[in-house]
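Below: one structure, written as structure tokens.
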Amino acid sequence: MTTDNQHTIDYAVRNITTGDEEDIRILEEPATYLAAFPEAIREDAARLIAEPGVFDGVSDFDWSIWRTNQDTLLVLLLPYITDRALYESDYGLWEARVLGSEDEYLADLKESNS
């Protein structure tokens, strides 16, 4: 399934999956992300993002609650990402496509296998 907001959905999943604290972008710009999320999950996503205690300003929220909530958010979003099979089989290539660096990723992969 693709939507007009596909890149935002894919980018949110990338940010949650990597575990490199990029997921905070969802908390910094919740309206942008929520507007892009499919209507079928938007209400649940909004609850997970705005749950009391999760976000009291970008620098003051409970990471443990957010980690639990983002795991749930990931489950909600995965059915809507581009090329779920690729996400499951080669996350690095999927991520490179989301970030627009597929050629670089494939060149690095080729070099590392030489």
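Annotation: of all residues in the range 71-93 being touching a residue at least 12 places away in the same chain (Cβ under 8 Å) and over 17 Å from Tyr33 (Cβ atoms), the one that is surrounded by the most Cβ atoms within 10 Å (Cβ to Cβ) is Tyr87.
Answer yes if at least one residue in the range 6-22 is touching a Ser or Thr at 6+ places or on another chain (Cβ under 7 Å) and among the acidic types (Asp, Glu), and no otherwise. Yes: one or more hits. Scanning the range 25-45 for residues being buried (at least 17 other Cβ atoms within 10 Å of the Cβ) and β-branched (Val, Ile, Thr) gives a total of 2.
In the range 1-23, the residues that are closer than 15 Å to Leu74 by Cα and at pLDDT below 90 reach residues that are polar (S, T, N, Q) and assigned to a helix (DSSP H, G or I) with C-beta atoms within less than 7 angstrom, at least six apart or across chains, in these pairs: Glu22/Asn15; Asp23/Asn15; Asp23/Gln70.
The values are calculated or read from the model by the stated rules, or taken from the named source; none is laboratory data. As the structure is a computational prediction, the values presented were derived from the model and not from experiment. Cβ sites come from the backbone with ideal geometry, for glycine too, and all protein chains shown count toward neighbours.
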